Amino acid sequence: MIVSCDREKLNSLVQTALRGVSSRVTMPILSGLLINAESGELVASSTDLEMSIRTRVEASVKESGSTVVSGKLLGDIMKSLPPGEVTVESGEKYLVVRSTGGEYRIKELMPEDFPQIPVWSGDASFKVQGGSFISAIHQTSRASSSDEKRPVLTGSLIEKNLESSGVRMVATDSYRLAWKDVEVSGSVAEWEDCIIPTKTLNEVARLAGGSDADVETKMQDKQAMFRIGTMVVTSRLIEGQFPNYKQLIPKGEKTTVVLAKEDLVAVVRRAMIFGHNIRFGVYSDHLRLTTETPEVGDSKEEIAAEVSGEEMEIGFNAGYLLDGVLAVDTEKIEMRFDDPQKPALIKDFESEEFKYIIMPVRLR
Amino acid sequence: MNATKPRAILHIDMDTFFCSVERLLDPALEGRPVIVGGDPSQRGVVAACSYEARAFGVHSAMPLARAGRLCPQAVYLRGDFQAYLYYSRRVRDILCEYTPTIEPAGIDEAYLDLTGCRLAFGEPAVVVREIRARIAAELGLPASAGLSTSKVVSKVGSKVAKPNGFVEVPPGGEAGFLAPLPVEKLPGVGPVCSTTLTDLGIRTVGDLALLPPEALESVLGSWGRVLSEHARGEDRRRLEPGRAPKSVSRETTFDNDTIDYELVRCTLLLLAEKCCRALRADGLATTRIAVKLRHSDFRTYMKFRTLKVPTDQEQTVFAAAGELFEGLLERGVRIRLVGVALSGLVGAGCQGELFEGPAAGRSLKLDSLNESIDRIRERFGFSSILRGSTSELLPDRRSSLRDTIPGRLHEAASEGSAAGGGGAAVRVPQPATRSGRPPRGC
């Protein structure tokens, strides 16, 4: 393999692929990047067996071929090379990187040991505007669990929403649940509802973050694939039954509260300094948030709000409350309550696209 | 603090507290050597001993077997921590009437700042006499007291005053009072430090005060400088009243090193229960769980886990502790000690769960279950209600557990360091069978 390419493009290719290399590899080969050169393209791939990234760049290929080398080493040298043309040549044992005046050799690993990286084939099932896909991930992913004992909750459900012919992204750790309806172009009819590791979705959001490109999505060989420009992220699915969340939606028959999101964020942040759990009091025209840590200190703050319905007091884990309030996408935030022991709802004002359901804390 | 009047710091120290309480509960012990800690045939250490036992050379933290050889005629008791706690709280109730500035220094001692109470109660020395008289009259317990301008001098004062006495060191007289005393009387001077000082020809606190602080620092490090100040009666430390506990810990040494890992697991559950009960009593929850394991060769390991949702439920703590234990376990190696420590303490609350299913509402149900058990135990004692898997562990039911050691001997036994250890061994309480038991709290 002999390829040359501009250092800038080559570096960006390698850094993108490196996102797929786990910092804690289970097999040495997984610390490597698979580099392929053929028909005018240089392709870099990586995988941690849960997710793989395959990305490509135009290059002048003098001799096609493939190799696997340490991702970290290749990434480090690419980052430090001066601007200009870089040539990459694989020999029998070493990949040689040449830049103006410099020559760097990286020991090759066995390309045949590298896991098969899925290649996108055919058309996408549906396409989502990049910005709205990213914000859907940001709005929901924090509700996901990191507890490996309940694998289903470490993923986000992506299910088709036939009513709106869009998809809904849902995440929960059993203490709170977030969902977001996303508009798509194309048909969702063929989409199979599935649970995708939230870690992977966060990576997709990060990779899509730099560009305005649409995110194309499809299901292939029981794996979910996301294509953003020249990058393809493939993810394994999480087996299992996602909890039936629809029954949880609080009706908010008892009390509804509307107030400015930024104001509430500030009050919650201050309250958190004094305790993990917030006593959240709803009164005729204001809220009162109190927290305390015995023998350490306490806080009390009132904030004006439009309240309809009964007055009540409910307890929340401060962190979960803040996550929900921050995820709201409108200037005003709407909260609905049924009972201090039952889930409460936080949502965008006058919109049904985003909902955050939070289970209260029973305060003592 | 009063700017014109010098500080008036009282150190009050209950005399042979555990033994005094035992005598209160069983007057037949009066005048006899009493040793609290357990049976001399067991592996424990002396938690407390009466003056009669001390006459035979017995002292606290001494192995029980040794105490048994020195003083075989003593009455050996397992100890009843709940009873000690009950009386400790009654003492605290009396102290609280005189000043809000109280720094508890253990289950049986405390510092009080009496500087501000002259107007309300009169001169500090008068107040001290009144406090001691009330403790004696209302509770029937002897207490020694030291009164001076600083913590260290008052602490030494109460030590010198024992048994059942009161020493007042007037402002300006601190150095003079300390000078003739042997250096071991200063808090923090243990056997090792004492030997180092003796090697330097220092025998009294006065010798120590004459040494330049730099010289002492070069021998003992930064502690040397502090010690030098203390030797001259200088100690500006303020009292730290109501210091919130940073951690709650309990640990247990097995009677015999064991490879019965099921026994260890059950013990972990018992320890988790005790820790969580202490948490709930203080309205706290933990976010960091640690398990400590000591093998028979004294290799000691700790493993931690951080929780996202704070808990005060032993069920959750035990689930994590069990897994941490699995991670520490070396199969085939005998275990000497196991401990549970909870830190990252925050205000309590019970986080509910969203989904229906077997686990639905479990957390809330457990919450009320634990609350009910706490109430029962508050009235009838810890062992009045036990889980099946831990019922065999308590000393009156099974002899293989030596003791349950609070992280430190302290009010509510909850303000221990995570490393735990403590010094003295205290028995877990037995069911209330003896007469003369206080009606509540034990």
Problem set entry | Residues (under 18 Å from B:Thr99 (Cβ atoms) and either surrounded by 21 or more Cβ atoms within 10 Å (Cβ to Cβ) or touching a residue at least 60 places away in the same chain (Cβ under 8 Å) (or both)) located in the stretch B:133-144 | B:Ile135, B:Ala143
Exercise. Any idea which residue in the stretch B:294-327 is farthest from B:Ala348 (Cα to Cα), counting only those that are of a type in the set (Gly, Ala, Ser) and part of a helix (DSSP H, G or I)?
Worked result: B:Gly327
Problem set entry | Long-range neighbours under 6 Å by Cβ, at least six apart or interchain, first residue assigned by TED's automatic domain parsing to the domain that holds A:Thr67 within the stretch A:34-45, second of a type in the set (Lys, Arg) | A:Glu41/A:Arg56; A:Val43/A:Arg56; A:Ser45/A:Arg54
Problem set entry | Identity of the residue in the stretch B:289-319, aliphatic (A, V, I, L, M) and crowded, with 19+ Cβ neighbours inside 10 Å, that ends up farthest from the other protein chains (Cβ to nearest Cβ) | B:Leu293
Seminar exercise, completed: The correct count of residues that are more than 15 Å from B:Ser154 (Cβ to Cβ) and assigned to a loop (DSSP other than H, G, I, E, B) in the stretch B:99-116 is 3
Problem set entry | The lone exception for A:Glu108 - which of (1) over 24 Å from A:Glu192 (Cβ atoms); (2) in a loop (DSSP other than H, G, I, E, B); (3) acidic (Asp, Glu) it fails | (2)
Exercise. Can you name the condition, by its number, that A:Arg270 falls short on among (1) modelled with pLDDT of 95 or more; (2) under 29 Å from B:Glu353 (Cβ atoms); (3) surrounded by 14 or more Cβ atoms within 10 Å (Cβ to Cβ)?
Worked result: (3)
For this session: Identify, by number, the condition in (1) crowded, with 20+ Cβ neighbours inside 10 Å; (2) of a type outside the set (Phe, Trp, Tyr); (3) within 15 Å of A:Thr256 (Cβ to Cβ) that A:Glu352 doesn't meet.
Result: (1)
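Residue-wise test of (1) among the charged types (D, E, K, R); (2) surrounded by fewer than 14 Cβ atoms within 10 Å (Cβ to Cβ); (3) in the same structural domain as A:Ser23 (by TED's automatic domain parsing).
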| site | (1), (2), (3) |
| --- | --- |
| A:Glu58 | yes, yes, yes |
| A:Met78 | no, no, yes |
| A:Thr87 | no, no, yes |
| A:Thr100 | no, yes, yes |
| A:Ile106 | no, no, yes |
Problem set entry | Filtered residue count, the stretch A:255-267, keeping only those that are surrounded by fewer than 18 Cβ atoms within 10 Å (Cβ to Cβ) and of a type in the set (D, E, K, R) | 2
Exercise. For the stretch B:303-351, how many residues meet the condition of being without any contact (Cβ under 8 Å) to a residue 60 or more places away in the chain, out of contact with any helix residue (DSSP H, G or I) (no Cβ under 7 Å at 6 or more places or on another chain) and within 19 Å of B:Leu270 (Cβ to Cβ)?
Worked result: 7
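Would you pick out the residues in the stretch B:203-235 that are in a loop (DSSP other than H, G, I, E, B) and farther than 17 Å from B:Gly173 by Cβ?
Listed by number, the residues that qualify are B:Arg203, B:Leu211, B:Pro212, B:Gly221.
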Exercise. Got at least one residue in the stretch B:328-351 being at pLDDT 90 or above, part of a helix (DSSP H, G or I) and within 11 Å of another protein chain (Cβ to nearest Cβ)?
Worked result: no
For this session: Test B:Cys266 against the criterion of being away from chain A (no Cβ under 14 Å) and buried (at least 21 other Cβ atoms within 10 Å of the Cβ), and give yes or no.
Result: no
Exercise. Considering only residues of the stretch A:34-46 that are surrounded by fewer than 24 Cβ atoms within 10 Å (Cβ to Cβ) and among the polar types (S, T, N, Q), which is farthest from the chain's Cα centre (by Cα)?
Worked result: A:Ser39
For this session: Filter the stretch A:71-97 for residues that are outside any helix (DSSP H, G or I) and among the acidic types (Asp, Glu) and give the result.
Result: A:Glu85, A:Glu89, A:Glu92
For this session: Can you confirm whether the stretch A:276-289 contains a residue that is of a type in the set (Lys, Arg), in a strand (DSSP E or B) and modelled with pLDDT under 95?
Result: yes
For this session: Tell me which residues, restricted to the stretch A:339-364, are part of a loop (DSSP other than H, G, I, E, B) and within 13 Å of chain B (Cβ to nearest Cβ).
Result: A:Asp339, A:Pro340, A:Gln341, A:Lys342, A:Pro343, A:Met359, A:Pro360, A:Arg364
For this session: Go through (1) away from chain B (no Cβ under 14 Å); (2) in a strand (DSSP E or B); (3) among the hydrophobic types (A, V, I, L, M, F, W, C) and name the single condition A:Ala266 misses.
Result: (2)
For this session: State yes or no: is B:Lys185 among the basic types (Lys, Arg) and either free of Cβ contacts under 8 Å to residues at least 60 places away in the same chain or surrounded by fewer than 16 Cβ atoms within 10 Å (Cβ to Cβ) (or both)?
Result: yes
Exercise. Residue check: is A:Glu239 more than 14 Å from chain B (Cβ to nearest Cβ), among the acidic types (Asp, Glu) and part of a strand (DSSP E or B)?
Worked result: no
Exercise. Just to be sure, is A:Thr87 β-branched (Val, Ile, Thr), within 20 Å of A:Leu10 (Cα to Cα) and out of contact with any strand residue (DSSP E or B) (no Cβ under 7 Å at 6 or more places or on another chain)?
Worked result: no
Problem set entry | Number of the condition not met by A:Phe316 [criteria: (1) of a type in the set (A, V, I, L, M, F, W, C); (2) away from chain B (no Cβ under 14 Å); (3) over 21 Å from the mean Cα position of the chain (by Cα)] | (2)
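Among the residues of the stretch A:220-238, write down those that are closer than 15 Å to A:Ser156 by Cβ and either in contact (Cβ under 8 Å) with a residue 24 or more places away in the chain or outside the structural domain of A:Arg168 (by TED's automatic domain parsing) (or both). Full working, then the answer.
The initial filter retains those residues of the stretch A:220-238 that are closer than 15 Å to A:Ser156 by Cβ, namely A:224, A:226, A:233, A:235-238.
Scanning the stretch A:220-238 gives A:Ala224, A:Val233, A:Ser235, A:Arg236, A:Leu237, A:Ile238.
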Seminar exercise, completed: Picked from the stretch A:163-191 (must be of a type in the set (D, E, K, R) and in contact with a strand residue (DSSP E or B) (Cβ under 7 Å, 6 or more places away or on another chain)), the residue farthest from A:Phe126 (Cα to Cα) is A:Arg176
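The values are calculated or read from the model by the stated rules, or taken from the named source; none is laboratory data. Small disclaimer: the values here were computed from a predicted structure and weren't measured. Methodologically, a virtual Cβ is constructed for each residue, glycine included, from the backbone with ideal geometry; neighbour enumeration extends over all protein chains shown.
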